Amino acid sequence: MANWFIFFCLNRTFSNCLETVLTIMGLYYWPCIRDSSTDYPVNRKWALAIAALACAIRPTSAIIWLYVGMLELFLTPNKVKFIMLEVIPIGSLVLGFTCLLDRLMYGSWVIVPLNFLKFNFLSSGGDYYGTHPWHWYFTQGFLVMLFTFTPFSITGIFNSKNQKLSALILWALAIYSLLGHKEFRFVLPVLPIALIFSGYAFAQMEVSGSSSTSVTKKKQVPRQNLTKWSPKLRLSVFFLLATNIPMALYMSLFHQRGTEDAMNYLSDEAYKGRVKSILFLMPCHSTPYYSTLHRNIPMQFLDCTPSEEKGQLDESDRFLVNPLGFASELASNWSVPPSHIVLFASEETKLRDFMIQHSFKEVRRFFHAHFKVDRDLQSSVVVYVVNHT
């Protein structure tokens, strides 16, 4: 939890967060990853069930489990039993259950993992949402997630004899690097593994009453001596806390908070009966939408569904290219204008005349960000209300 990205991301409702939890749980039970003990036994069937569930929730989790499964297949003495009596039955059971669930929800037979594979891997559909260079995870993405844990993780990887887990991190980053579309959350499942190596680096540091070599050789250190940390260890922990806590708090409490503040405001206004309909003139999925509003009120956001025709812009891109032209075209089809319009300040400057022309006035402005991320600086979120007087 001391890592800023774990604090920032793992509490969100991303499927990647559940995938991360299931990945760590599954690795704990795999015989090829760690040795069994009386107190902490391994269980390959449990490991397979958890891995199958992770793949059902997030099909790209197969990248991790393909590595672990091949490693287990190489090391296990009974390969036929592993495949025929464990992998196939457990995998078929989970796949069958997810297909039945999708049949119930979609009303027809749909194999979601297959569609996921076709869209993201075979047709590079993810590239529609932006691309990064192949080395992005190695030179920027994963290093930003590790932040100041990076030197400790690298030290732990080089000093540890557990090459299986370090190779798993490298494997996952390499495979995800082959995809054009990259996001921090995609490699979230291997972040806790890298942090484990940081812990190993700390364990090698001097502890009061024992040298680093005694820790490396796994000699027992009296419990009473473990309460006093060496200056080196204290300085390292202080450094991590002093750098990660401010980062975690800033990113969680201040950075890009405007969309949530705007939705909380609109939720309160809707409760008072002052909101009839809302139009979001901002990139798609910029706000929490109904999950915060909690009212059955018509809302519209700009669509960003990938087009089957290459080069055709969606509503979100068309608006960003020509805000005034797109808004004017939209307004020409209004029978009744929305009671509220929400947009970023970067687009508001281009639509002020439009707002005046259609009798909208600014009612609230919320801070959003101090710096740009992937678009123009979205410094604030502005809420406009139609003026009937």
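Remarks
- Within the stretch 5-21, the set of residues being without any contact (Cβ under 8 Å) to a residue 60 or more places away in the chain and outside any loop (DSSP other than H, G, I, E, B) comprises Ser15, Leu18, Val21.
- A single member of Ser124, Ser160, Ser177 is at pLDDT below 95 and either farther than 22 Å from Ala201 by Cα or surrounded by fewer than 15 Cβ atoms within 10 Å (Cβ to Cβ) (or both), and it is Ser124.
- So Thr76, is it open to solvent by less than 50 Å² (accessible area, probe 1.4 Å), among the β-branched types (Val, Ile, Thr) and farther than 20 Å from Pro192 by Cβ: yes
- Positions within the stretch 259-286 being of a type in the set (Val, Ile, Thr) and open to solvent by 80 Å² or more (accessible area, probe 1.4 Å), in sequence order: none
- Residues of the stretch 287-308 include at least one that is more than 28 Å from the chain's Cα centre (by Cα), under 22 Å from Met263 (Cβ atoms), open to solvent by 50 Å² or more (accessible area, probe 1.4 Å) and of a type in the set (S, T, N, Q).
- Condition check for Val144: surrounded by fewer than 18 Cβ atoms within 10 Å (Cβ to Cβ), out of contact with any Asp or Glu (no Cβ under 9 Å at 6 or more places or on another chain) and either closer than 21 Å to Pro246 by Cβ or not small (Gly, Ala, Ser) (or both): yes
- Residue in the stretch 321-340 that is touching a Pro at 6+ places or on another chain (Cβ under 9 Å), open to solvent by 80 Å² or more (accessible area, probe 1.4 Å) and not hydroxyl-bearing (Ser, Thr, Tyr) present: no
- Of all residues in the stretch 1-42 being of a type in the set (Gly, Ala, Ser) and buried (at least 16 other Cβ atoms within 10 Å of the Cβ), the one that is farthest from Leu168 (Cα to Cα): Ala2
- Within this structure, Arg365 passes the test of being touching a helix residue (DSSP H, G or I) at 6+ places or on another chain (Cβ under 9 Å) and either of a type in the set (D, E, K, R) or open to solvent by 80 Å² or more (accessible area, probe 1.4 Å) (or both).
- Residue match in the stretch 240-258 (condition: closer than 20 Å to Ser339 by Cα and either open to solvent by 40 Å² or more (accessible area, probe 1.4 Å) or touching a strand residue (DSSP E or B) at 6+ places or on another chain (Cβ under 6 Å) (or both)): yes
- Glu86 being acidic (Asp, Glu), over 25 Å from Leu195 (Cβ atoms) and part of a helix (DSSP H, G or I): yes
The values are calculated or read from the model by the stated rules, or taken from the named source; none is laboratory data. This structure is a prediction, so every number in the text was calculated from the model and none was measured. In this analysis, Cβ positions are derived from the backbone assuming ideal geometry, glycine residues included, and neighbour counts consider all displayed protein chains. When the accessible area is computed, the model is the full protein with side chains, heavy atoms only, and any ligands, DNA or RNA have been set aside. Shrake-Rupley method; radii C 1.70, N 1.55, O 1.52, S 1.80 Å.
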